[in-house]
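Rule-based calculations on the coordinates, nothing more; no lab input. Keep in mind that what you see is a predicted model, and the values were worked out from it rather than measured. For neighbour counting, all protein chains shown are included, and Cβ atoms are generated from backbone atoms with ideal geometry for every residue, glycine included.
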Amino acid sequence: MAKPNKKGPVRTVDIFCAKCRTQLYTYRKGGKGALVKCFKERITEDYTKQDATCPQCQQVFARDTLIRGTPAFKMIGQKVYMK
């Protein structure tokens, strides 16, 4: 399997908690589909204190995993949204 592009996309999106609307990440997203996974190397700003847990409401919004050999967060459906 191919690894994700090292340079990554230029377009950034803000990722928020769906429950309390707290900003979680600023992320360089490729494509125009839904947010299914976040590669850790593409997160430009991290506002969380614990991995994959909202700092405000303590809700777990993702699972830590390896995708194509690269560390990533696999998002749990309807726990986050992006702008």
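Just give me the residues in segment 53-81 being buried (at least 16 other Cβ atoms within 10 Å of the Cβ) and aliphatic (A, V, I, L, M), in sequence order.
Answer for segment 53-81, where residues must be buried (at least 16 other Cβ atoms within 10 Å of the Cβ) and aliphatic (A, V, I, L, M): A62, I67, A72, M75, V80.
Which residue pairs have Cβ atoms closer than 9 Å, lie 6 or more positions apart in sequence or on different chains, and pair a first residue in segment 54-69 that is in contact (Cβ under 8 Å) with a residue 40 or more places away in the chain and under 13 Å from V80 (Cβ atoms) with a second residue that is among the charged types (D, E, K, R) and surrounded by 12 or more Cβ atoms within 10 Å (Cβ to Cβ)?
C57/K19; Q59/K19; Q59/K79; F61/K19; F61/K79
Out of segment 1-23, which residues are under 11 Å from V80 (Cα atoms), touching a residue at least 60 places away in the same chain (Cβ under 8 Å) and either among the aromatic types (F, W, Y) or part of a loop (DSSP other than H, G, I, E, B) (or both)? Spell out the reasoning first.
Taking segment 1-23 and keeping what is under 11 Å from V80 (Cα atoms), we get 14-23.
Right, trim to touching a residue at least 60 places away in the same chain (Cβ under 8 Å) and you get 14-19.
Selection gives F16, A18, K19.
Return only the number of the condition from (1) touching a Pro at 6+ places or on another chain (Cβ under 8 Å); (2) surrounded by 14 or more Cβ atoms within 10 Å (Cβ to Cβ); (3) not hydroxyl-bearing (S, T, Y) that C38 does not satisfy.
Result: C38 passes all but (1).
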